[in-house]
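Let me begin by presenting the structure, written as structure tokens, before commenting on it.
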């Protein structure tokens, strides 16, 4: 099964955008982005195993199992400039994918990381993946987002929690491997009330690139990008040099 979903084919697009979702998320997290993006950007969502149309496949055990196949699958699509966007767990995945692609001499024009502390920053020791169902659902509800509403239903919990836990274990096992800073420009976006990321942790991404860096703080919690979707997409398009959406 392929790892990438083209959210809207645009054969005449001049650039491509590959989007990585948060823990427990899928390519559908970005299903509304095509209506907001300029026609010059062809958007793709990363579809990890264990959910949606890949339900039943094992969730990646670590970051290498996630980003390795994604990097391989993007290679045939790199015939034009491209950027990567990732939120929360997806930000780490987008960063590690960028490292792999740069090593192959095929770096993106920009890396967007959202709602995530810099990869070298000390990570919280709590292992959410080991929480019982009630405690885990309560914890996730505190972050905001529609996933918490889904998890309020007992039937959905039985379906969703296994791959949510798998993704959380992946993040908990993640350790940043030392290496040179990226040559790719990095843009960080974060909510001003995010309980998981402080402004200082977001600013620390600056040290992970030798190129241009930007930090944008938007109103909202960890899932600020849902109510602020239009603003986030506009920021992404602007930083990619694609201007306003074509209507």
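Values as computed for the structure displayed
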item: Condition met for residue 2 (in a loop (DSSP other than H, G, I, E, B), surrounded by fewer than 19 Cβ atoms within 10 Å (Cβ to Cβ) and touching a helix residue (DSSP H, G or I) at 6+ places or on another chain (Cβ under 7 Å)); result: yes
item: Filter result (within 21 Å of residue 37 (Cβ to Cβ) and in a helix (DSSP H, G or I)) within region 74-99; result: 74, 77, 90, 91, 93, 94, 97, 98
item: Restricting region 35-52 to residues that are outside any loop (DSSP other than H, G, I, E, B) and modelled with pLDDT of 95 or more, the residue that is nearest to residue 177 (Cα to Cα); result: 46
item: Selected residue (criterion: farthest from residue 108 (Cα to Cα)) from residues of region 24-42 that are under 12 Å from the mean Cα position of the chain (by Cα) and buried (at least 24 other Cβ atoms within 10 Å of the Cβ); result: 24
item: Filter result for residue 154 (more than 17 Å from the chain's Cα centre (by Cα) and on the phi < 0 side of the Ramachandran plot); result: yes
item: Residue, surrounded by the fewest Cβ atoms within 10 Å (Cβ to Cβ), within region 43-60, restricted to residues that are out of contact with any helix residue (DSSP H, G or I) (no Cβ under 7 Å at 6 or more places or on another chain) and over 11 Å from residue 4 (Cβ atoms); result: 56
item: Set 107, 86, 68, 90: member being under 25 Å from residue 176 (Cβ atoms), buried (at least 21 other Cβ atoms within 10 Å of the Cβ) and over 11 Å from the mean Cα position of the chain (by Cα); result: 107
item: Per-region count, region 100-129, residues assigned to a strand (DSSP E or B) and within 17 Å of residue 45 (Cβ to Cβ); result: 4
item: Leading residue by the ranking (nearest to residue 82 (Cα to Cα)) among those in region 192-202 that are surrounded by 15 or more Cβ atoms within 10 Å (Cβ to Cβ) and out of contact with any strand residue (DSSP E or B) (no Cβ under 6 Å at 6 or more places or on another chain); result: 201
item: Answer from 167, 132, 147 - the residue that is touching a helix residue (DSSP H, G or I) at 6+ places or on another chain (Cβ under 9 Å) and modelled with pLDDT under 80; result: 147
item: In region 213-239, residue surrounded by the fewest Cβ atoms within 10 Å (Cβ to Cβ) [restricted to those that are over 15 Å from the mean Cα position of the chain (by Cα) and touching a residue at least 40 places away in the same chain (Cβ under 8 Å)]; result: 230
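The values are calculated or read from the model by the stated rules, or taken from the named source; none is laboratory data. Bear in mind that the values here come from a model prediction, so they are computed numbers and not experimental data. No Cβ is skipped: glycine too gets one built from the backbone with ideal geometry, and neighbour counts run over all protein chains shown.
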